[in-house]
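Taking it in order: structure first as structure tokens, then the write-up.
The values are calculated or read from the model by the stated rules, or taken from the named source; none is laboratory data. In this text, all values refer to a predicted model and were calculated from it rather than measured experimentally. Don't worry about glycine lacking a Cβ; one is built from the backbone with ideal geometry, like all the others, and counts go over all protein chains shown. Areas reflect the complete protein model, heavy atoms only, side chains present, ligands, DNA and RNA absent. Shrake-Rupley method; radii C 1.70, N 1.55, O 1.52, S 1.80 Å.
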Amino acid sequence: MSDVDQSKPIRLSDGLSSRHLVEIARLYYERNMTQREIAQAFGLSRVRVTRLLAEARQRGIVEIRIHGDDGPHFAELAARLAARYGLEQVRLAPTFDDPQRTAAEMAGAGAQTLYFALDQASTVAVGLSRTLGAAIRELAPLGRRHALFVPLAGGWSGAAEGLNPEELTAHLASVTGGHCYHLLAPLLAETPTVARSLRESPGVAEALRRAASADTLITGVGGLDWTESPLAHAITATERRQLERAGAVGDTSARFFDADGHTVASTLEKRVVGLTLPQMTQIPTRLVIAHGPAKVAALHSALIGGLATHLVTDVATARCLLEDDSVAKSA
């Protein structure tokens with residue numbers, strides 16, 4: 001910790017002073033508290049704590065010196081991943097033995113990436129994903145964006161564990177000062193006929209038109225693990241077998257794809273009320289947030305299929321995506 005003159009504390013935008021910066025920095029660097037623990041203690045968001053720690057370094061309150069010739073390899077790893085899959089940007093979160101700690105880091109990395117992605121966005125199509133939802137909930141109030149947020153597909157009825165695109169778009173509009181457009185329909189209709197009727201109804205058709213014309217897409221990727229998939233309860237045993245026989249490896253918002261990232265034709269595909277995969281890949285900026293061993297094969301296929309221009313994942317997943325054997329074993 002560096003000595004600084006605090007005789008005249010500088011007030012920050014949220015009422016904190018340079019003394020608070022010192023206290024937060026000491027808790028993080030000397031007491032080894034996590035950013036989440038500090039955020040809870042001060043009543044702040046985790047993203048805000050990250051920015052305060054960065055400000056502490058900028059003000060000279062914290063000085064970091066690294067001894068040794070080896071530097072961090074995240075940047076090199078991210079560059080290799082971007083080159084392999086033709087991505088514009090890759091952000092990597094560290095991987096820990098504790099899955100919850102990795103998930104927390106993913107949420108933070110996702111929130112930071114969203115912060116910049118939303119800066120230039122005018123219309124944002126929002127997908128269904130637990131990991132994306134966690135990142136969105138980490139966003140601190142921005143208060144200067146005026147984007148329109150619209151679900152790219154319908155949602156769940158009843159309890160949705162924060163997964164509903166309707167909930168996510170409303171939260172994004174709230175923290176950014178933007179607006180949300182509602183898509184009042186289920187993700188999966190009871191039959192293909194009902195789904196077609198819903199897609200053609202004026203309100204749903206307009207919402208899907210707005211989503212298809214978005215300049216930014218934010219979504220996640222799910223693997224073909226029925227014990228983990230939030231879709232499991234809504235898909236019949238017959239549809240599962242149909243998907244597996246057709247070579248499905250994963251999905252995004254119930255749009256299943258094969259090893260080449262192409263749409264898998266199925267009865268389920270006809271029940272979805274939402275954008276198609278080709279429509280998603282036509283959106284200029286496409287941010288995917290996903291990680292984990294169970295999603296390596298699905299994420300690989302989604303990337304070669306062009307679902308993403310920007311990616312947030314963790315280091316372990318990135319390394320698997322760069323190793324042909326690891327991807328093959330996961331498939």
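Once the mean 1/r over all distinct Cα pairs of region 139-280 is inverted, what Kirkwood radius in angstroms do you read off?
Hydrodynamic radius (Kirkwood, Cα only) of region 139-280 equals 15.8 Å.
Rounded to two decimals, what is the ratio between the C-alpha radius of gyration of the chain and 2.2 N^0.38 Å?
It is 1.06.
First select every other residue whose beta carbon is under 14 angstrom from the beta carbon of I283; then total the charges, Lys and Arg +1, Asp and Glu -1.
That works out to +2.
State to the nearest 20 debye the size of the charge dipole of region 235-331 about its Cα centre, where the only charges are +1 on K and R beta carbons and -1 on D and E beta carbons.
320
In region 198-289, which chymotrypsin sites (Phe, Trp or Tyr not before Pro) are in a loop and have at most 14 other Cβ atoms within 10 Å, using DSSP for the loop call?
W226
Hey, what angle do you get for helix 74-85 against the long axis of the chain, alpha-carbon based, 0 to 90 degrees rounded to 10?
20
Relative contact order, percent, of the chain when contacts are C-alpha pairs under 8 Å separated by at least 6 residues?
Normalised by residue count, the contact order of the chain is 17 percent.
Could you tell me the distance between the Cα centroids of region 237-268 and region 75-100, to the nearest Å?
Cα centroid of region 237-268 versus Cα centroid of region 75-100: 26 Å apart.
How would you order 102-113, 171-182, 263-274, 285-296 from highest to lowest mean count of nearby Cβ atoms within 10 Å?
In descending order of packing, they fall as 285-296, 102-113, 263-274, 171-182.
Taking a virtual spin label 7 Å from the Cα of R319 along the C-beta vector, which residues in region 92-128 bring their backbone nitrogen under 19 Å of it?
So the set is 92-106.
For the ranges 313-323, 81-91, 210-220, what's the packing order if you count other beta-carbon atoms within 10 Å of each residue, average per peptide, and put the highest first?
Listed from highest to lowest mean packing, they are 210-220, 313-323, 81-91.
Accessible area per residue of the chain at 1.4 Å probe, in Å²?
About 48 Å² of surface per residue is accessible.
Suppose the chain between H262 and A82 were pulled fully straight at 0.36 nm per residue; how much longer would it get relative to their current alpha carbon spacing?
Stretched out fully, the H262 to A82 stretch lengthens by 62.7 nm.
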